[in-house]
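Data block below; observations after.
The values are calculated or read from the model by the stated rules, or taken from the named source; none is laboratory data. Source: prediction; values computed, not measured. Ideal geometry is used to build each Cβ from the backbone, glycine not excepted, and the neighbour counts take in all protein chains shown. Heavy atoms of the whole protein, side chains included, go into the accessibility calculation; ligands, DNA and RNA do not. Shrake-Rupley method; radii C 1.70, N 1.55, O 1.52, S 1.80 Å.
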Amino acid sequence: GLIEGASSGRGLGISFLKHIEKVSALLHCISSETKDPEKDYKTVRYELEKYNKKLVNKPEILLITKSDLADPVTIKTLKKKLNEKGKALNVSIHDWESIEQLKTTLFEN
């Protein structure tokens, strides 16, 4: 994953960013446990843009992860906020239907 400071070499940093220059679309994972999903989203977008402005123009799917750990109202609220940024899906490894929805979405794009 991408963390704050990645464009300056923090964490996997430049290695990870070089890798994602080659992909055709981005899956942006945001945990359902986050206190501030918009901040998490903006942090990653900032790191992408700081490294290479072209990265923020790639198609993107926003994944609300660990959706099995949050109540349905929280998921609905998160999804509404994130849908303003792009296509948002909730996924959980414990919810086969959400995985199938993700697969369908990926093959559509």
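The condition of being part of a helix (DSSP H, G or I), in contact (Cβ under 8 Å) with a residue 24 or more places away in the chain, β-branched (Val, Ile, Thr) and open to solvent by 40 Å² or more (accessible area, probe 1.4 Å) holds for only one of Thr105, Thr74, that being Thr74.
Can you confirm whether the range 54-74 contains a residue that is modelled with pLDDT of 90 or more and at positive phi? Yes; the residues of the range 54-74 include at least one that is modelled with pLDDT of 90 or more and at positive phi. Taken across the range 82-96, residues that are in a helix (DSSP H, G or I), exposed (fewer than 14 other Cβ atoms within 10 Å of the Cβ) and among the charged types (D, E, K, R) do not occur at all. Taking the range 14-42 as the range and being closer than 20 Å to Pro59 by Cβ and of a type in the set (Lys, Arg) as the test, the residues that pass are Lys18, Lys22, Lys42. Mind checking whether some residue in the range 33-52 is part of a loop (DSSP other than H, G, I, E, B) and open to solvent by 90 Å² or more (accessible area, probe 1.4 Å)? Yes, the range 33-52 has at least one match.
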